[in-house]
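My questions will all concern the structure given below.
The values are calculated or read from the model by the stated rules, or taken from the named source; none is laboratory data. Since this is a predicted model, take the numbers as computed values, not measurements. Don't worry about glycine lacking a Cβ; one is built from the backbone with ideal geometry, like all the others, and counts go over all protein chains shown. Side chains included, ligands, DNA and RNA excluded: accessible areas come from the protein's heavy atoms. Shrake-Rupley method; radii C 1.70, N 1.55, O 1.52, S 1.80 Å.
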Amino acid sequence: MLLSRRHLLVSTLALGALGACGFTPVHGPGGSANGLNGNIGVAAPDDRYGYEMVKRLEDRLGRAPDARFQLGYQITVQEEGVGVTPGQVIRRIQLRGAVFYTVTDATTGQVVDRGSASSFTAYSSEGSTVATSAAKRDAEKRLMQALADLISTRLFATAADWMA
């Protein structure tokens with residue numbers, strides 16, 4: 001019982017301290033994420049990587065064909081064999097991805113934000129050709145989702161600086 005009261009006291013003090021420092025939740029009332037939903041149009045994809053990333057970005061930011069801001073991007077992906085046996089057989093492949101993005105004000109053409117994100121994932125190359133192909137596609141999808149999540153998180157965090 002004493003332990004739960006102590007946790008309650010610490011939690012109450014922590015919440016009070018956050019309120020005193022001007023903390024505002026990004027997704028809460030008045031948060032910067034509110035203005036982003038439906039206000040950023042993402043450039044149309046031209047390959048499978050782009051398709052997966054745009055799909056995730058639109059899930060997070062909302063679909064906005066006539067948006068005030070446009071997000072452009074460039075994706076790079078590199079493959080590297082990381083699980084190599086003594087007989088030089090590659091058992092695991094790592095995918096390293098990076099995306100460079102710009103947010104442009106559609107009315108003025110001015111770049112209001114830019115940045116980059118990078119992540120990695122891996123898949124097993126053991127098994128049949130079909131199994132390896134499926135594992136590779138899944139790893140590519142996970143990589144693009146991770147990159148999209150990083151971009152949208154950064155946009156949510158910085159929107160108050162450039163949306164005004």
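Among (1) out of contact with any Ser or Thr (no Cβ under 7 Å at 6 or more places or on another chain); (2) without any contact (Cβ under 8 Å) to a residue 40 or more places away in the chain, where does Gly72 come up short?
Here Gly72 clears every test but (1).
Quick one: in region 58-82, which of the residues that are at pLDDT below 90 and more than 10 Å from Asn39 (Cα to Cα) is most open to solvent (accessible area, probe 1.4 Å)?
Here the answer is Val82.
With the condition kept exactly as written, say whether any residue in region 98-105 is farther than 24 Å from Pro65 by Cβ and at pLDDT below 90. Break it down stepwise before answering.
Going through region 98-105, the residues farther than 24 Å from Pro65 by Cβ turn out to be 98.
With the extra rule that they be at pLDDT below 90, the set shrinks to none.
The answer is no, given that none of the residues of region 98-105 is farther than 24 Å from Pro65 by Cβ and at pLDDT below 90.
Something else about it: Quick one: count up the residues across region 40-49 that are more than 17 Å from Lys136 (Cβ to Cβ) and either surrounded by fewer than 16 Cβ atoms within 10 Å (Cβ to Cβ) or touching a residue at least 24 places away in the same chain (Cβ under 8 Å) (or both). Walk me through it before giving the result.
So in region 40-49, the residues more than 17 Å from Lys136 (Cβ to Cβ) come out as 40-46.
Within this subset, residues satisfying the condition of being either surrounded by fewer than 16 Cβ atoms within 10 Å (Cβ to Cβ) or touching a residue at least 24 places away in the same chain (Cβ under 8 Å) (or both) are 40-44, 46.
The qualifying residues number 6.
Scan region 105-164 residue by residue and report those that are open to solvent by 40 Å² or more (accessible area, probe 1.4 Å), in a helix (DSSP H, G or I) and more than 21 Å from Gly72 (Cβ to Cβ).
Thr129, Val130, Ala131, Ser133, Ala134, Lys136, Arg137, Asp138, Lys141, Arg142, Ala160
Right, next: Counting just the residues of region 83-104 that are closer than 16 Å to Arg142 by Cβ and of a type in the set (A, V, I, L, M), which one comes out surrounded by the fewest Cβ atoms within 10 Å (Cβ to Cβ)? Reasoning before the result, please.
Restricting attention to region 83-104, the residues satisfying the condition of being closer than 16 Å to Arg142 by Cβ are 92-99.
Of the ones still in play, those that are also of a type in the set (A, V, I, L, M) are 93, 95, 98-99.
Numbers: Ile93: 19, Leu95: 19, Ala98: 15, Val99: 23.
This residue is Ala98.
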